[in-house]
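Below is one structure, written out as structure tokens, with a few remarks after it.
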Amino acid sequence: MAESQVETHDLVIIGAGPAALTAAIYTTREDVDTILFEKGVIGGLAAITDWVDNYPGFPEGIAGLDLAEGLRKQAERFGADIRLGEVMSVTDEGEYKRLVTTDGDILAKAVLIATGSDYKKLGIPGEQEYYARGVHYCATCDGAFYREKRLVVVGGGNSAIQEAIFLTRFADKIDVLVRGDTMRASEVLQHELTKFADKITVHFNTTTDEIVGQDGKVTHVLGTDTTTGKQVQFDTDGVFVFIGLKPNTAFLQESGVTLDEIGMVVTDGLLQTSVPGVFAAGDVRSGATMQIASATGEGATAAMTIRKYLEETPEA
């Protein structure tokens, strides 16, 4: 295909979660030619979150799917072109960035990476079945559902200990399951943990083998004490898994975009990456707070930064 025939746009947004859709609302309202590529679910993790209780403006909370659908409709009302497809690579060609997609090659003056991150999963029976109905990956999002309840937290790193401590605001009893014989969490956090001995019990050398429920609710977790080889059971109302994040950035390996040690996109304060004209927002960005409200705010910031970039970039 001749270069003159390659599909060309002002902005391609990779992803269609809250950050991406918010950015599209802003750019399309100002007549920036914008398309979005989403290889999974429009709305991202928000769309598959059962209930969102901490998004501003919804005093009674809102179903994640409804929030995502509202963002989608708003973006499309202003002219956003949302496509189900995948971007396999991004290459900087100067004025334009070349994206290899399932729709063929596309050229864009600017690119917004908003592909989000996925929580690492245990991959055990019951985890998927009870997702958002007793199995969670965000204490800030879902901890308040477990006031005066019993919980299991899986993980021994910084995030697991931070989130376990946070969950003491709600839960009466928390069992922390650590696969190894020591924690990976910092000494400072481990010291902080000792202040919550009345609520938190740490179980070392304990695997998490199965999440069991009844009548649609989680009832207990089965594990193995690796020092004895015996099965152990922890009665619980919910399970919070904190074994790390996996950013959706594999397609950027040859792009020149700088990633941090876990693969998240590094940006400056204006959400510009190391490649001019390529920006990032939301849960894929290094330092993100993993909250929907933050993601939408970053989407708006990115949109305004991109608009300025396009205005200041001379035409070929």
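The values are calculated or read from the model by the stated rules, or taken from the named source; none is laboratory data. From a predicted model like this one, the values you see are computed outputs, not experimental measurements. Every residue, glycine as well, gets a Cβ built from its backbone with ideal geometry; the counts of neighbours run over all protein chains shown.
Key figures for this structure:
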read-out: Per-region count, region 30-43, residues more than 25 Å from ARG98 (Cβ to Cβ) and either crowded, with 16+ Cβ neighbours inside 10 Å or in the same structural domain as ALA139 (by TED's automatic domain parsing) (or both); value: 1
read-out: Single condition VAL154 does not satisfy, out of (1) at pLDDT 95 or above; (2) loosely packed, with under 15 Cβ neighbours inside 10 Å; (3) under 30 Å from GLY61 (Cα atoms); value: (2)
read-out: Candidate set: region 173-191, residues that are of a type outside the set (D, E, K, R) and under 25 Å from the mean Cα position of the chain (by Cα); chosen: the one surrounded by the fewest Cβ atoms within 10 Å (Cβ to Cβ); value: SER186
read-out: Matching residues in region 62-82 - criterion: being touching a residue at least 40 places away in the same chain (Cβ under 8 Å) and of a type in the set (Asp, Glu); value: ASP81
read-out: Residue list for region 283-316, restricted to those being crowded, with 24+ Cβ neighbours inside 10 Å, of a type outside the set (Lys, Arg) and within 25 Å of GLU93 (Cβ to Cβ); value: VAL284, ALA302, ALA303, ILE306
read-out: Residue match in region 50-61 (condition: in contact (Cβ under 8 Å) with a residue 40 or more places away in the chain, closer than 18 Å to ILE82 by Cβ and either of a type in the set (Lys, Arg) or surrounded by fewer than 17 Cβ atoms within 10 Å (Cβ to Cβ) (or both)); value: no
